[in-house]
Each structure stands twice: as C-alpha cells, then as structure tokens.
Amino acid sequence: MPKQFIDQYGRILNYLRLSVTDRCNFRCYYCMPEEGIDFVDRKQLLSYEELQFLLEIFTEYGVNKLRITGGEPFVRRGLVEFLGRISQLDGLSEMAITTNGSLSFSQIDALADMGIRSINISLDSLDKKRFFEITRRDKFDEVFSAILYMIDRGFEVKLNAVIADNKNTQDILPFVELTKHHCVSVRFLEEMPFNGTGTFEVPTWNHVVIKKHVLSHYPTMRRLPDEANSTSVNYQIPGYKGTFGIIASYSRTFCGTCNRLRLSATGELRTCLYGAPALNLRDLLRSGANRDEVIQELQRAVCKKEKDGFEAESIVAQTPKKSMSFLGG
Ligand code: SAM
Ligand code: SF4
C-alpha cells in the first residue's frame, strides 16, 4: 500500500497549500480592513525548521504538489533560501507560489533557478486607480513589471482577479484582451467571506454572470479540456496566446474532486477553506510529539475532510471574522 492521505470519501489529498506568514504589505478590501488584522507574534509562526520537518512527512505521504502562499510570502525573511531547501524534497513534483507581485527581479531569477515554474499573481485591475482602490497600495507599475518579467522568463503565469460589482467588473474584458498577446492565464474569482470583518454579501457577479458577460462579447470563446482537480473552468479566444478561467470559489462547484489540504502559518491544518481547523500542528510539535504521533494525528484529521465547502461552512455556523491572509489563500 502506498503511503497516502485519503479522506472518508476516498479522495487522495496530494496537494498542500502552505502559508508562510499572515502578514502582508497590501490591504486588499476582500482580504482585510484598511488598518490590517491582528497579525500574530512571530514566535507563533511555524519556524522554517518546523515547516521542513512537516513537509518531509507530507511528501512521504504522497503530497506531490505544494503551493506557497500567505499573507504575502515574500514579506517573510529568508523565504527564497527556504524555498531552495524544500525544492529538493523527494516526492515533490510541483512547487508553485501565490504572491501579490512584491518580489524583485533577482528573486524571480532565483525561483527560476530552483525549478519553480508556476506563479500565481493577484491582479484585480489593469487600471492604476482601481488597483489602488482595491489593494490600498500604489504598486501597480511595480507589480505589472514583475508580471511581464516572469512571462519573459518563461514562468507559467496565472493572474487571479477577484471580481465584484462596483469594484472591477469593467476590467473583465480588458483582462480577456490581455490574453491576446501575452501567454498568461487570467482567472476570475468570486469573492469569498474572508475579509477579516465578519461581514459579507453574496457576490452578484458569480461564475454564471461572469461567463455570460464574456460570452456576449466573445461568442467564439471555446472551452478547454478540464485539468485533473482543477477549480477553474478554462476558456480561450481562438487565435489568442493566453487563456482565461472562471473559479466558482463562492458557489463551490468543484468540491467533489478536491485534493487540497491547507496549513496556516500558525500551524492550523484545514481540510476545507470554509471549515474550522482540524488540527494545530505547531501545538502538536511544540508539545513534544514525535514523528509517528504527528503522522497518526494527521491521518485522523485528514480522514474527516468535509464532503464540500457548504458542509464545512455549516459546522462553523456564522461568517467567521477571518481574513484570507490568516487562513492562507
Ligand atoms: N498575498 C498573496 C496574493 O495576494 O496573491 C497570497 C495570499 S492571498 C490570500 C491568495 C489569493 O487569495 C489571492 O489570489 C487573493 O486574490 C485571494 N483572496 C483573498 N481574499 C479573498 C476573498 N475574500 N475572496 C476570494 N479570493 C480571495
Ligand atoms: Fe495581501 Fe494577498 Fe490579502 Fe491582498 S489578497 S491583502 S495581497 S494577502
């Protein structure tokens, strides 16, 4: 029997999204309030040594895809060196990063050198003013030039845009047009209830509305074959270099094939973004648990992965005052 993490529905959980910090230099309205959130004390973060210990277990148990996220991963000191070390882990076949684009060209070069091929960058608008309104930071030029450099260096670049009424719906078509000359994949996301305030309105621009909107302007758009475990439904305009996708992140149409686990920077293991933590691995490690005990607890926790995001949310009972930056996006 191969060593694997398998849940009660027989899903093999081979994809870990690892948050390395809850801190961020941006203040995207859908993620946290302008004043930020109560960032945790650094001592509460899993150290790089603790992370490496846990990653060795995850990869031994079949996790072959890893995504580094946050908060903003590049605000944590020593990240590139840490990535260099874990990129050598046996069993890891894909390592990807999600960032807001706050990284230097030399950091991008270092990522390329260590074999990282896939980078997701949050970009909610192609308009400088709207970018500022959304992120509350005047960083459009910096982020966009990092994106162009990554494309140039041959990374598989995905741009994540959270679409919301009165914020950036006017950006949808320009984003599709961006795929004409650039080899990027733009993905339109529904807003989820993790803005750190505990308030939330169900998105009116959901996946159906977004698709209809694009289709009415690009009737020739064609659907691309689904990738295994993909959360996005992907399309291409004939003759365009890039592609675009729509992610029903709030409507949750893809849970049946979910293969994900999430580990927050403070050690909370979640089997669903919408659910409560199943286990705190930092506390377990710091209580002196040995390797076998950690594995046993992990197996117990992953097995209970919820059927879908609705079931997970119903257990939490009310809109949590959680920020995506803390949960690990
Ligand atoms: N700071 C990095 C970034 O922005 O790419 C990584 C962390 S961020 C939490 C990861 C992803 O979550 C981003 O693509 C962001 O757009 C998305 N995200 C954050 N809050 C969200 C929300 N309330 N609804 C939908 N997506 C959200
Ligand atoms: Fe920061 Fe990413 Fe959250 Fe924006 S979405 S505030 S960049 S963590």
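Assorted remarks:
- Residue match in region 24-33 (condition: more than 12 Å from ligand 2 (Cβ to nearest atom) and among the charged types (D, E, K, R)): no
- With respect to the conditions (1) open to solvent by 30 Å² or more (accessible area, probe 1.4 Å); (2) within 15 Å of ligand 1 (Cβ to nearest atom); (3) not basic (Lys, Arg); (4) not in a loop (DSSP other than H, G, I, E, B), Leu66 lacks only one, and its number is (1).
- Looking only at region 279-312, residues that are in a helix (DSSP H, G or I), in contact with an Asp or Glu (Cβ under 9 Å, 6 or more places away or on another chain) and either open to solvent by less than 50 Å² (accessible area, probe 1.4 Å) or within 16 Å of ligand 1 (Cβ to nearest atom) (or both) come to 7 in all.
- Meets criteria (more than 16 Å from ligand 1 (Cβ to nearest atom), closer than 15 Å to Arg262 by Cβ and buried (at least 20 other Cβ atoms within 10 Å of the Cβ)) for Leu18: no
- Considered as a group, the residues in region 119-148 that are buried (at least 17 other Cβ atoms within 10 Å of the Cβ) and hydroxyl-bearing (Ser, Thr, Tyr) include one that is farthest from ligand 1 (Cβ to nearest atom), and that residue is Ser125.
- Check on Glu81, exposed (fewer than 14 other Cβ atoms within 10 Å of the Cβ) and more than 24 Å from Phe140 (Cα to Cα): yes
- Residue in region 159-175 that is open to solvent by less than 10 Å² (accessible area, probe 1.4 Å), acidic (Asp, Glu) and within 23 Å of Lys129 (Cβ to Cβ) present: yes
The values are calculated or read from the model by the stated rules, or taken from the named source; none is laboratory data. This one's a predicted model, so the numbers in the text were calculated from it and none came from an experiment. A quick note on method: Cβ atoms are made from the backbone with ideal geometry, for glycine too, and the neighbour counts reach across all protein chains shown. For accessibility, only protein heavy atoms count, side chains too; no ligands or nucleic acids. Shrake-Rupley method; radii C 1.70, N 1.55, O 1.52, S 1.80 Å.
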